[in-house]
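Here is the structure we will look at.
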Amino acid sequence: MNKKDLRIVFMGTPDFAVESLKTLVENKYTIVGVITAPNKPAGRGYKLQPSAVKEYALAQGLPVLQPDKLKNEVFLNRLRSLEADIQVVVAFRMLPEVVWDMPPRGTFNLHASLLPQYRGAAPINWAIINGEKETGVTTFFLSHEIDTGEIIFQEKITIEDNDNAETVHNKLMVLGAQLVVKTIDSVIENTIESRPQSAFFDHEKELKPAPKIFKETCEIDWNKPAREIHNFVRGLSPYPAAWTEFEVNGTKLNFKIFETRIKKEAHQLPPGELVTDNKTTLQVAAQDGFVEIYDLQLSGKKRMKVNDFLNGFSF
């Protein structure tokens with residue numbers, strides 16, 4: 001079989017998935033259909049907006065399906081009519097067995113971690129929050145439990161000290177697209193030798209999860225060591241962003257924090273105490289030193305570098 005004969009259905013929604021679809025299209029693989037999320041309201045007028053994957057797919061003249069329910073018989077019949085040999089899933093939603101078991105060559109997923117570590121919705125964020133020095137991407141065949149199928153390929157990258165969720169996302173987006181192509185080529189050449197995830201760990205307790213992140217879990221705990229706070233901030237930057245409250249003239253104000261540095265210095269201040277010259281520096285006492293803030297946003301205002309912010313705001 002050559003790559004023009006392999007019929008591929010691609011499933012994905014955000015920018016992260018576009019890179020993989022784009023790489024397949026540009027390398028002349030046969031995409032017979034694209035499945036993505038329904039249009040969602042966004043912006044001030046709450047107008048319905050297509051997903052990033054839909055915009056790219058339509059620009060390439062690819063057929064697009066946007067099912068509300070993946071078990072809907074109308075959708076399933078249309079999916080069957082595409083006669084896909086294999087399905088590729090990148091940043092989509094959990095699929096029912098009737099969907100992932102449909103093509104004869106199976107369905108594989110691209111996940112933004114080194115599985116079995118960081119199964120779940122937010123693998124990039126949690127790897128950084130937990131202070132990992134490396135992460136990567138994994139392709140694996142879908143099975144009944146989420147993110148637990150047999151592993152096909154993995155590629156690693158180093159997480160640099162000041163990487164944040166955005167920079168790691170962008171690195172993995174490109175690396176992941178290359179891994180999708182490698183996986184497809186292995187399917188075409190019939191050389192895949194997938195391995196169960198149990199071969200990668202000895203005990204379930206060794207595994208670190210990557211659950212969905214909510215606003216209430218993004219609040220900074222200044223009682224923690226400075227390194228943990230720094231990792232927390234960069235793991236949530238720029239979205240959804242770590243946040244905290246500072247009391248200013250008797251009023252509590254909400255701030256999002258996007259960039260920090262660690263300052264190891266002994267002090268007797270209570271955690272969360274602000275120290276600033278109201279000109280260029282703003283730092284907060286942590287358990288074992290200070291966390292210097294470089295980039296922040298006062299609720300209702302625009303994001304700013306700290307020196308620009310202090311030009312118009314005094315603590």
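The values are calculated or read from the model by the stated rules, or taken from the named source; none is laboratory data. Predicted model, so just to flag it, every value in this text is computed and none were measured. Backbone-built Cβ (ideal geometry, glycine too); neighbour counts: all protein chains shown. The protein model used for the area step is the full one, side chains on, heavy atoms only, and it has no ligands, DNA or RNA in it. Shrake-Rupley method; radii C 1.70, N 1.55, O 1.52, S 1.80 Å.
Considering Phe255, Phe246, the condition of being in a strand (DSSP E or B), within 20 Å of Lys215 (Cβ to Cβ), touching a residue at least 60 places away in the same chain (Cβ under 8 Å) and not β-branched (Val, Ile, Thr) is satisfied by Phe246 alone. Restricting attention to the stretch 221-231, does a residue exist that is over 30 Å from Pro14 (Cβ atoms), open to solvent by less than 70 Å² (accessible area, probe 1.4 Å), outside any strand (DSSP E or B) and in contact with a helix residue (DSSP H, G or I) (Cβ under 8 Å, 6 or more places away or on another chain)? There is at least one residue in the stretch 221-231 that is over 30 Å from Pro14 (Cβ atoms), open to solvent by less than 70 Å² (accessible area, probe 1.4 Å), outside any strand (DSSP E or B) and in contact with a helix residue (DSSP H, G or I) (Cβ under 8 Å, 6 or more places away or on another chain). For the stretch 194-220, a tally of residues being crowded, with 17+ Cβ neighbours inside 10 Å and part of a helix (DSSP H, G or I) returns 2. Residues in the stretch 125-147 that are out of contact with any strand residue (DSSP E or B) (no Cβ under 7 Å at 6 or more places or on another chain) and modelled with pLDDT of 95 or more: Asn125, Trp126, Ile128, Ile129, Asn130, Gly131, Glu132. Listed here are the strands (runs of 3 or more DSSP E) enclosed by the stretch 272-313 that have at least 3 residues being surrounded by 18 or more Cβ atoms within 10 Å (Cβ to Cβ) and aliphatic (A, V, I, L, M): 282-286, 289-298. The condition (being modelled with pLDDT of 95 or more, part of a helix (DSSP H, G or I) and either in contact with a strand residue (DSSP E or B) (Cβ under 8 Å, 6 or more places away or on another chain) or open to solvent by less than 80 Å² (accessible area, probe 1.4 Å) (or both)) is satisfied by just one residue among Thr191, Thr167: Thr167. Scanning the stretch 113-164 for residues that are closer than 17 Å to Glu206 by Cβ, among the small types (Gly, Ala, Ser) and open to solvent by 20 Å² or more (accessible area, probe 1.4 Å) turns up Gly120, Gly131.
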